[in-house]
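Taking it in order: structure first as structure tokens, then the write-up.
Only the coordinates and a few stated rules stand behind these numbers; no lab work does. Just so it is clear, the model here is predicted, and its values are computed rather than measured. All Cβ positions, glycine included, derive from the backbone under ideal geometry; neighbour counts span all protein chains shown.
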Amino acid sequence: MWIDIVFSGGGIKGFAFVGALARLEKSGYRFKRAAGTSAGSIVAALLMAGYTASEMKKLMDGMDTRQLLDAPARIRFPFYKWLRVYFRMGLYRGEKLEHWLEKALADKGISVFSDLPPGSLKMIVSDVSKGKMVVIPDDLPDYGINPDSFSVARAVRMSAGLPFFFEPVSLFDGNGERSLIVDGGILSNFPIWIFDMEEGGLPARPYLGIQTTQGDKGEHAGIQNAFELFRGIFTAMHEAHDERTIQRIKDSNLIVIPIKNVTTKDFQISVEERSRLYQLGVERTDRFLQKWSY
């Protein structure tokens with residue numbers, strides 16, 4: 001059966017998505033369209049480029065995640081880190097991540113969006129200069145850019161641009177005004193709504209969302225200090241936009257993968273931990289498929 005699929009953000013926790021895909025493929029599901037934010041955009045792009053779950057697992061198992069952080073040698077000095085974040089707005093350039101994506105996509109013959117079936121891949125980025133959410137490639141004409149000729153790897157790099165971790169990417173609109181583009185998860189960390197309604201009021205085909213969470217849904221940490229308050233405010237900001245749709249479909253179209261003891265920015269993740277995340281994806285998807293009606 002052909003379905004559409006949407007992946008949440010989650011950084012390194014996105015290894016669990018590959019396990020979920022493996023279980024879906026085993027059950028005979030194939031994917032017509034994919035969308036995602038941040039880490040979810042990486043998996044969505046690889047999926048639409050033609051990677052199977054087993055190929056993705058091999059690709060990601062062989063990835064040295066630490067090498068994706070193109071840090072200057074001076075980054076080990078705390079004061080330099082502060083200066084870099086202040087003036088460059090990010091610790092890492094993000095170029096190595098983009099180059100890794102370029103090669104992985106090129107191996108499947110994909111470079112720009114015109115290499116993909118029209119409308120098959122969408123991802124979310126945040127324009128912090130204009131204060132708006134942007135859907136790539138749909139909204140690229142607002143910046144005077146032809147979507148067909150825009151690099152898929154560049155789009156994913158923008159969507160996965162964790163603020164202050166990776167430098168923002170600059171885009172310029174038709175008036176020459178500069179916009180700073182960062183991680184889409186700031187405004188929509190799980191764009192499950194993107195394929196929800198089509199013209200005519202119904203989805204084009206069945207769709208699934210796969211979401212990683214810090215723990216079981218409904219589990220909330222208490223706020224005891226100002227740092228935890230800031231974290232709570234930030235979490236509410238990037239989850240509130242999607243929450244209504246999530247609540248409406250949570251019992252029918254949503255695979256939730258709760259992951260503890262792994263942070264979004266844990267780029268030193270071990271091979272054993274990657275395998276654990278993969279297996280979590282398999283198990284949670286298997287549990288979901290036992291009750292899914294399609």
Practice prompt. Estimate the FRET efficiency between ASP107 and ASN175 by the formula 1/(1 + (r/R0)^6), using the beta-carbon distance for r and 35 Å for R0, to the nearest 0.05.
Written response: 0.35
Worksheet item: Tell me, in nm to one decimal, what length is gained between VAL135 and ASP64 on full extension, where the rule is 0.36 nm per residue of separation less the Cα-Cα distance?
Response: 22.6 nm
Worksheet item: What list of ³J(HN,Hα) couplings, whole Hz, do you get for region 3-12 from phi and the Karplus terms 6.51, -1.76, 1.60, once you set θ to phi - 60° and write x for glycine and proline?
Response: 9, 9, 9, 10, 10, 7, x, x, x, 4
Response to the item:
Residue separation between ASP286 and ASP142 times 0.36 nm, minus their alpha-carbon distance, gives in nm 47.7 nm
Worksheet item: Ranking VAL18, VAL156, VAL134, VAL128 by Cβ neighbours within 10 Å, fewest first, what do you get?
Response: VAL128, VAL134, VAL18, VAL156
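Here are some pairs, LYS26/LYS103; LYS122/LYS291; LYS57/LYS103; which of them have Cα atoms lying more than 18 Å apart in this structure?
Values: LYS26/LYS103 27 Å; LYS122/LYS291 28 Å; LYS57/LYS103 16 Å.
LYS26/LYS103; LYS122/LYS291, as the Cα separations exceed 18 Å there.
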Discussion item. Just want the ordering: ASP64, ASP148, from fewest to most Cβ atoms lying within 10 Å of their own Cβ.
Written reply: ASP64, ASP148
Worksheet item: Under a point spin-label approximation (7 Å from Cα along Cα-to-Cβ), what is the LYS96-SER54 distance to one decimal in nm?
Response: 3.1 nm
